[in-house]
Amino acid sequence: MLLHVLIIDRIESAYAVVETDKGHIEIPLADILGEAVTGNVLQKVDGGYRIKKHATEKRREEINKKLSGLWD
């Protein structure tokens, strides 16, 4: 379970605009390990942030289920 959820809202120039439980912050793309993509869940680690692949996939699946339910 993530205590502080960090989700990439969008990419602007050399920064990721990230949703947190307290609002938005900007994180330099150079501080994110891996390919930063909208919707990725991040975890703060020493020296930067890493992409939580399993949490990102799970979140996308949940969103897709909700969206598919809108047209059923």
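Data for the structure
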| quantity | calculated |
| --- | --- |
| Unique residue being touching a helix residue (DSSP H, G or I) at 6+ places or on another chain (Cβ under 8 Å), loosely packed, with under 14 Cβ neighbours inside 10 Å and at pLDDT below 95 when the list is Leu70, Leu2 | Leu2 |
| Some residue of the range 10-26 being surrounded by 13 or more Cβ atoms within 10 Å (Cβ to Cβ), under 11 Å from the mean Cα position of the chain (by Cα) and of a type in the set (D, E, K, R) | yes |
| Cβ-Cβ under 9 Å pairs, at least 6 apart or on other chains, the range 38-58 side outside any loop (DSSP other than H, G, I, E, B), far side of a type in the set (Asp, Glu) | Gly48/Asp31; Tyr49/Asp31; Ile51/Glu35 |
| Pairs with Cβ under 8 Å, 6+ apart, first in the range 3-30 and of a type in the set (Phe, Trp, Tyr), second not in a strand (DSSP E or B) | Tyr15/Leu29 |
| Residue that is surrounded by the most Cβ atoms within 10 Å (Cβ to Cβ) [pool: residues in the range 27-38 that are closer than 18 Å to His54 by Cα and touching a Phe, Trp or Tyr at 6+ places or on another chain (Cβ under 8 Å)] | Ile32 |
| Matching residues, the range 20-38, being at pLDDT 95 or above and either within 19 Å of Glu61 (Cβ to Cβ) or among the basic types (Lys, Arg) (or both) | Val37, Thr38 |
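The values are calculated or read from the model by the stated rules, or taken from the named source; none is laboratory data. All values derive from a computational prediction rather than experimental measurement. Methodologically, a virtual Cβ is constructed for each residue, glycine included, from the backbone with ideal geometry; neighbour enumeration extends over all protein chains shown.
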